[in-house]
Amino acid sequence: MRSSVILAGGNSLRLGAEKSLLEFEGKSLICWTVEILSQATDEVIIVARDRRHAECLERIFFESNADTGSELSKAFFTWDSIPGFGPVAGLEAGMRRARGRLAFATGCDLPFLKLEVIDRLFELADVMEGYEAAVPVQPNGFFEPLHSVYDREKMQSACIRALENGERRIHVPLQELCVNHISIDQLRPLDPDLLSFFNLNTRADLETARALWPDHRQKSSPSTK
């Protein structure tokens, strides 16, 4: 069984808007993200910042998908184990709620997630090779911890220890895992422009994403494959 975890609890201070609720073609980004992840995994865990936020996202999600989304049965909502603590708390909550041996973790601000790249990362988090995570790495050495696959139990345990030590830095729990570091160039055959890693931080990013969106949806539509 494969799981996926979406961290949707950020405050979006730089963007000035709730990232998960940004609309593309009349549908919120959280709905589009669940749609792609429901094709790659058996369940999708959405982690909000607190109970009230989780209830709000759940209501919006189910209202938006009541008539169309087969992914409804795969979506589950929870919230950060320590409100306001950051992504380590979100990862801990998501991994705790998930059931798969492996879990893909991502943010709610990557509009161009690609199914083939996610599948490949699951393959590269190969327990037979002794790995407990598959983490893409940019040419400058920057990790992509929110576009990665983890051994769910190992990552949750590492996040718990980080929380106990007051550690907010997401790379701290990673240090406890045996990580398969994946150069993003290895993923170019599946995603030539590496748009999978394009995230929304500013209004300029949002404008760029909306300009790219029609072409992205055309290429990712099942009817075009």
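Over all other residues within a Cβ to Cβ distance under 14 Å of T208, the charged ones net out to -3, with Lys and Arg as +1 and Asp and Glu as -1. Among 97-109, 188-200, sorting by the average number of other beta carbon atoms lying within 10 angstrom of each residue, highest first, gives 97-109, 188-200. I need the fraction of alpha carbon pairs in region 30-140 separated by more than 24 Å, rounded to a whole percent. The answer is 27 percent, as a whole percent. Maximal additional length on extending the A204-D42 stretch stands at 54.9 nm, based on 0.36 nm per residue less the C-alpha distance. Computed extension gain for H171 through R99, at 0.36 nm per residue and net of the alpha carbon distance, reaches 23.6 nm.
The simple spin-label model puts a point 7 Å past each Cα toward its Cβ; for E55 and Q218 those points are separated by 4.4 nm. Going toward the positive end of the dipole of region 2-211, with +1 on Lys and Arg Cβ and -1 on Asp and Glu Cβ, which of G166, L113, A125 do you reach last? So the residue furthest toward the plus end is G166. Between the beta carbons of A211 and E164, assuming R0 = 30 Å, the FRET efficiency works out to 0.10 to the nearest 0.05. Remark: relative contact order (region 2-211) = 23 percent; criterion is Cα-Cα distance under 8 angstrom and separation of 6 or more residues. Across every pair of non-identical alpha carbons in the chain, the mean reciprocal distance, once inverted, gives a Kirkwood radius of 17.5 Å.
Coordinate-derived values only; no laboratory data. Keep in mind it's a predicted model, so treat the numbers as computed, not measured. All Cβ positions, glycine included, derive from the backbone under ideal geometry; neighbour counts span all protein chains shown.
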